[in-house]
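Colleague: Before anything else, here's the structure in question.
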Amino acid sequence: MNVTVKYFAVCHEMLDRSEEEMDLPEGATVKTILKRLEEEWPEIAEFYEVMQMSVNWEYATENTELTEGDEVALIPPVTGGLDV
Amino acid sequence: MYKITTEVITGAEVREAVEGPDAGAVVLFFGTVRNNTDGRPVRCLEYEAYPPMAEKKMAEIAQEISEKWGLDRVAMIHRVGKLEIGEVSVAVAVASPHRKDGFEACKYAMDRLKQIVPIWKREIWADGEAEWVKPDAVFFDAPKPHKIDPQTD
């Protein structure tokens, strides 16, 4: 199945791309994507501790199962607004 | 109104979105770009967002406010792109019959915005360096961060 994966902020910089299509096996979860990214760029695993993932605009866990056409995103810690 | 924009925020857009004859108060909040962070001079800021999810999460915050205070007119707008010192990055408006609830709900909206709305800030320092801001606080409401199982090797 195909899913779209989006990268923002520090992830976008680290991976040098803002999104991509991934062809995943049936039964794949968010963790499948994380593992695949880690193979390409081992340092990204350090960020997993503070990062969230979303599936179709909703926060997800690594065990969230994916289906064809899902939109997945890596969500670094959010810092909208301001420091007040 | 729950919106990510590249346009200048004036405040009129959020105020007009919430005002009405039953409101005794409209509380407006603006976040503006500060010229320093902990004393280090800032040249400008860049904001990036995940717009569809950000707008969805803003709508969820408005729903929370509806449940907590019974206030149904809340507007939030956040600008993305490069912002100069003094410009408005975010505006929140809450209309309420009385000011107390309006102030409380407006503060709540900003607190939640920083917790769950996917928007990121990059500081461009006066010396030319730049970095993505990492918050001190961790999410208290979003699912726990996931961790890849430690490699055995």
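Colleague: I'd like to know if region B:22-33 contains one or more residues that are within 30 Å of A:Glu19 (Cβ to Cβ), in contact with a strand residue (DSSP E or B) (Cβ under 9 Å, 6 or more places away or on another chain), among the hydrophobic types (A, V, I, L, M, F, W, C) and more than 14 Å from chain A (Cβ to nearest Cβ).
Modeller: Within region B:22-33 (the criterion being within 30 Å of A:Glu19 (Cβ to Cβ), in contact with a strand residue (DSSP E or B) (Cβ under 9 Å, 6 or more places away or on another chain), among the hydrophobic types (A, V, I, L, M, F, W, C) and more than 14 Å from chain A (Cβ to nearest Cβ)), the answer is no, since none of the residues qualifies.
Colleague: Among (1) surrounded by 13 or more Cβ atoms within 10 Å (Cβ to Cβ); (2) more than 7 Å from chain B (Cβ to nearest Cβ), which single condition is A:Thr67 missing?
Modeller: (1)
Colleague: To continue, here is another question. Since A:Ile75 meets every condition but one in (1) β-branched (Val, Ile, Thr); (2) in contact (Cβ under 8 Å) with a residue 40 or more places away in the chain; (3) more than 27 Å from B:Val80 (Cβ to Cβ); (4) facing chain B (nearest Cβ under 10 Å), which condition does it not meet?
Modeller: (3)
Colleague: Additional query: Among the strands (runs of 3 or more DSSP E) contained in region B:20-92, which hold 3 or more residues that are of a type outside the set (Gly, Ala, Ser) and surrounded by fewer than 19 Cβ atoms within 10 Å (Cβ to Cβ)?
Modeller: Working: elements: B:25-32, B:40-49, B:74-79, B:81-84.
It comes to B:25-32, B:40-49.
Colleague: Taking the stated definitions as given, is A:Asn56 in contact (Cβ under 8 Å) with a residue 24 or more places away in the chain, surrounded by fewer than 19 Cβ atoms within 10 Å (Cβ to Cβ) and of a type in the set (S, T, N, Q)?
Modeller: no
Every residue, every condition in (1) without any contact (Cβ under 8 Å) to a residue 12 or more places away in the chain; (2) in contact with a His (Cβ under 6 Å, 6 or more places away or on another chain); (3) closer than 20 Å to B:Pro97 by Cα, yes or no:
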site	(1), (2), (3)
B:Ile4	no, yes, no
B:Val8	no, no, no
B:Glu16	yes, no, yes
B:Pro21	yes, no, yes
B:Val27	no, no, yes
B:Val42	no, no, no
B:Glu46	no, no, no
B:Met53	no, no, no
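Colleague: Name the residues in region A:45-59 that are modelled with pLDDT of 85 or more and at the interface with another protein chain (Cβ under 7 Å from one of its Cβ atoms), would you?
Modeller: A:Met51, A:Gln52, A:Met53, A:Ser54, A:Trp57, A:Tyr59
Colleague: Working carefully through the options A:Glu39, A:Glu13, A:Glu43, find the one that is more than 30 Å from B:Leu28 (Cβ to Cβ), touching a helix residue (DSSP H, G or I) at 6+ places or on another chain (Cβ under 9 Å) and free of Cβ contacts under 8 Å to residues at least 60 places away in the same chain.
Modeller: A:Glu43
Colleague: May I ask you to list the residues in region B:97-132 that are part of a strand (DSSP E or B), of a type in the set (A, V, I, L, M, F, W, C) and over 16 Å from the mean Cα position of the chain (by Cα)? Give the steps one after another, and end with the answer.
Modeller: Narrowing region B:97-132 to residues part of a strand (DSSP E or B): B:119-125, B:130-132.
Of the ones still in play, those that are also of a type in the set (A, V, I, L, M, F, W, C) are B:119-120, B:124-125, B:130, B:132.
Matches in region B:97-132: B:Ile124, B:Trp125, B:Ala130, B:Trp132.
To keep it simple, each residue is scored yes or no on (1) at pLDDT 95 or above; (2) of a type outside the set (S, T, N, Q); (3) over 26 Å from A:Tyr59 (Cβ atoms); (4) under 19 Å from the mean Cα position of the chain (by Cα).
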site	(1), (2), (3), (4)
B:Ala25	yes, yes, yes, no
B:Arg34	no, yes, yes, yes
B:Thr37	no, no, yes, yes
B:Pro41	no, yes, yes, no
B:Pro52	yes, yes, no, yes
B:Glu55	yes, yes, no, yes
B:Ala59	yes, yes, no, yes
B:Ile65	yes, yes, no, yes
B:Leu71	yes, yes, no, yes
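Colleague: Count, please, the residues in region A:3-44 that happen to be at the interface with another protein chain (Cβ under 9 Å from one of its Cβ atoms) and under 21 Å from B:Tyr50 (Cβ atoms).
Modeller: 9
The values are calculated or read from the model by the stated rules, or taken from the named source; none is laboratory data. None of these values were measured; they are calculated from a predicted model. Note that we place each Cβ from the backbone using ideal geometry, even for glycine, and neighbour counts take in every protein chain shown.
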